[in-house]
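Below: the structure, in structure tokens.
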Amino acid sequence: MDLPVDEWKSYVLQKWSLLPKSIQVTICTAETLSDIFLHSSSLLQPEDEMFLKRLSRGYLVGKDPGAPLFYREQGNKKFQEKDYMGATVLYTKGVSHSRPNTEDISLCYANRSAALFRLGQYETCLQDITRAQMHGYPERLQLKMMLRKAECLVTLGKLQEASQIISDLESHFTDRQTLAASQFQILQSTLCRLKRKVQEKENPTETFPAALTTGFEDMNLREENEQISCASSSVTLCTDPLKGRSLIATKDILPGELLVREEAFVSVLNPGEMPPRRDGLESKWDTRVTNGDLYCHRCLKHTLATVPCGGCSYAKYCSQECMQQAWDLYHSAECPLGGLLLTLGVFCHIALRATLLARCEDVGNVTRKLCGEISNRDICLPKSKNLVQTLSHDLGRESEKNGKTVEPPVSGCDVNGKYGSNYNAVLHLLPHTRNHSPEHKFLCALSVAALCRQLEAASLQTLTTSLKSSQPEAAVVPAMCQESHIWGPAMLRHMLQLQCNAQAITTIQQTGSKENIITDSRQVRLATGLFPVVSLLNHSCSPNTSVSFVSTVATVRASQPIGKGQEILHCYGPHESRMGVAERQQKLRSQYFFDCDCLACQNGKRRAAAGPRWEAFHCHRCGELMQGDDVLSCGSASCTESASRDHLVSRFQDLQQRVGKAQKLLRNGKVERAIQLLFGCQHDAESFLSAEHSLVGEIEDALAQAYAALGDWQKSAAHLQKSLRVVEVRHGPSSVEMGHELFKLAQIFFNGFAIPEALNTIQKAEKVLLVHYGRGNDEIQELQKMKSCLLDLPPVPEGPAV
Ligand SMILES: [Zn+2]
Ligand SMILES: [Zn+2]
Ligand SMILES: [Zn+2]
Ligand SMILES: [Zn+2]
């Protein structure tokens, strides 16, 4: 997904292998990225572009006139089945394929408003009603929609507007006797009901408790760092000739303290599984839910009521404003290139967007800063006069070579020595040019070259059409094409940087069906972005911080006490609770080009090859750990038990499959059968896996869900507590994983009215989650609601046993 699709990859690799040796050598030994780019792009032939075009055409990114009706009908089916969420997404797909101001788009919006109404999303329902009307919703269908609008307004307490609509409707339909008698009756009774509701609301008999005030007080940094924007004053930026840049604590830091809060300089929504359309498939339209259906293409906000770009079907936004901003900043250039960008992958897309954004940065300001008076600290004064020259200067220099070039003390800072989330900082992230293989560099360079050519072609086309229709559009692109010798290498640099500097933007998605009373959550990858300040953090397999995201904003919090002078570390992915030491080392070396020497790795190497406890096999006789490579033998001196690894692994895989089957049964509501199967699994697991094995945890977790579905809270809680212990051993008592698990347990106790236990667990869950997320987090708010609800219950308990 990050890199180009396999077909293009193997095509380019083959092209590379057929190149004459002399040309390969020229590219391999090229001094600068500009040279690599220029040599490679001169090799891009028309037939290569044709091949790429064929691949791009496989993606459905334009507006397909047949699609709105198809999706609307599919949506109506879901609506009939009362799957309102599913219906909403299908109407969204219908909307995105419709042209503005057509009956198609207005009908899709109107239907979506009905589904949103059923989901209780009254505000968004009203927005969709307005949109349907804006795009010319047919007069003959107005009645139902206006009633829905009145109902929303009443529920939201907007009584004056509601009364106005009700009286309009009354006069309108009593004037015209166009309705059949039965319809008229329905209308009459609905209006009556609404009027009664309005009266009730105007004279409320009960007062609602004041809404919980959201504690956002710690969403902002307490004291901003003078040297690094977006970072707290508790850290400072250091450089070391060997390790490069790092962040160091300037004072003792407590768990939960906010250290960095940074908006992505650039981010691109992960398209998710979007296989190219293949001819001959039963349906050419995809009904599956993708990230693009649920999250804003620009700000990544979750929304069920997106508005589509007027020119394509793949970019959908949370609001008209977001759409306009995206259009002005980058989408006017990207819009016609959807298929190509999906073919070339997310990294290429980010590279393009970063350069488009760079052009929108206040170029005048940047230039002024660069040429401005030198502050008395003589830091980082480029010889160049403007941004474009700075760029060619930086790209030409390729700071890593020979180690001879004189670097400013901290690269990426401005003349005043300040580091921030801007293009200058992005440009200075290391591309590790010498570490990438020649084939990889060729693939990236050729992909960028192809993208530049397509940009040129597309901009010419827009230019001619906009001349014809006199629409002033896409002024950015032509200028960019003229300077492709600058922006091409810049994009290549970004593509190479991304392998080490891309940050996965994740979100917590609630899983489980509506019937599941306990909501389970899992982390999903939503987008990929560049965060120059977060990029200052070095890696540890057992980090002292925790990173989380709200839309495109990353927050880094201390996850444990950090002493003054200690380095702030975060995990690039290979965490010690997810991978063994050898696998981590291998991954870090191949992707990030360094040998990890963190504490976890040092300890891990000493502890040799026993493997982590959550993957260990146990002796079925005495319960001791089994040790060895191909043949495992019991660790107890008095026991002679042994088994082949292959045998144990195949037993494990078999068990894993059965657990998967049980989880599926559970999802489909076949609870009794799931429980039966799970008890069988549990019995088997006991005979060869430790009680702390992660699969044992999964079995217990599934049993907890099953009993919760049956309403047996006591059994559910007992099983979840076992799963909790497994999570604690693996991830630690104050890990974010532990927080989510405690949240689930709190829900179970809450639903079972086990008040002291619930309050106790809520407190624990809150404490752990606060460290990782701060007050604004959804789960924390939910916990607080539970707490105030429990404390309001009539016989107030003595409070939690401490
Ligand atoms: Zn948005
Ligand atoms: Zn578009
Ligand atoms: Zn490590
Ligand atoms: Zn034994």
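General observations
- On the beta carbon distance between Asp328 and Thr250, with R0 = 35 Å, the FRET formula returns roughly 0.30.
- Listed residue pairs exceeding 25 Å between alpha carbons, taken from Lys441/Lys587; Lys144/Lys316; Lys77/Lys316; Lys78/Lys787: Lys144/Lys316; Lys78/Lys787
- Each residue, Val524 and Lys767, gets one label point 7 Å from its Cα in the Cβ direction; the gap between the two is 3.3 nm.
- For segment 1-143, the gyration tensor built on C-alpha atoms gives a prolate shape. Its axis ratio a/c (a ≥ b ≥ c) is at least 1.5, and a/b is the larger of a/b and b/c.
- Pairwise centroid distance, computed over Cα atoms, of segment 661-707 with segment 1-51, Å: 51
- The packing ranking of peptides 258-265, 636-643, 687-694, highest mean first, is 258-265, 687-694, 636-643, where packing means the average number of other beta carbon atoms within 10 angstrom of each residue.
- Pairs beyond 26 Å (Cα-Cα), from Lys15/Lys63; Lys664/Lys715; Lys564/Lys767: Lys15/Lys63
- Extension gain for the segment Ala582 to Gln721, taken as residue separation times 0.36 nm less the Cα-Cα distance, is 46.9 nm to one decimal.
- The local environment of Arg613, defined by Cβ-Cβ distances under 10 Å, has a net charge of -1 under the rule Lys, Arg +1 and Asp, Glu -1.
- Largest-first ordering by accessible area, 1.4 Å probe, given options Met579, Met85, Met738: Met85, Met579, Met738
- Summing charges over all other residues whose Cβ lies under 12 Å from the Cβ of Ser540, with Lys and Arg as +1 and Asp and Glu as -1, gives -2.
- Note on Val631 and Leu599: the model spin-label points, each 7 Å out from Cα along the C-beta direction, lie 4.0 nm apart.
- Using the average count of surrounding beta-carbon atoms within 10 Å as a protection proxy, the listed peptides 238-250, 28-40, 537-549 rank, highest first, as 537-549, 28-40, 238-250.
- Positive dipole terminus of segment 650-792, leading residue within Gly669, Gln781, Ser723 (C-beta point charges): Gly669
- Cleavage-rule hits (trypsin sites (Lys or Arg not before Pro)) in segment 54-83: DSSP loop, at most 13 neighbouring Cβ within 10 angstrom: Lys82
- Förster radius 30 Å - calculated FRET efficiency between Glu615 and Ser642, Cβ distance, rounded to 0.05: 0.95
- Three-way shape label, segment 650-792, alpha-carbon gyration tensor, a/c 1.5: prolate
- Nearest-20 debye value, segment 650-792 charge dipole, Cβ charges on Lys, Arg, Asp, Glu: 240
The values are calculated or read from the model by the stated rules, or taken from the named source; none is laboratory data. Just so we're clear, the structure is a prediction, and the values are computed from it rather than from any experiment. Positions of Cβ are backbone-derived with ideal geometry, glycine not excepted, and every protein chain shown enters the neighbour counts. When the accessible area is computed, the model is the full protein with side chains, heavy atoms only, and any ligands, DNA or RNA have been set aside. Shrake-Rupley method; radii C 1.70, N 1.55, O 1.52, S 1.80 Å.
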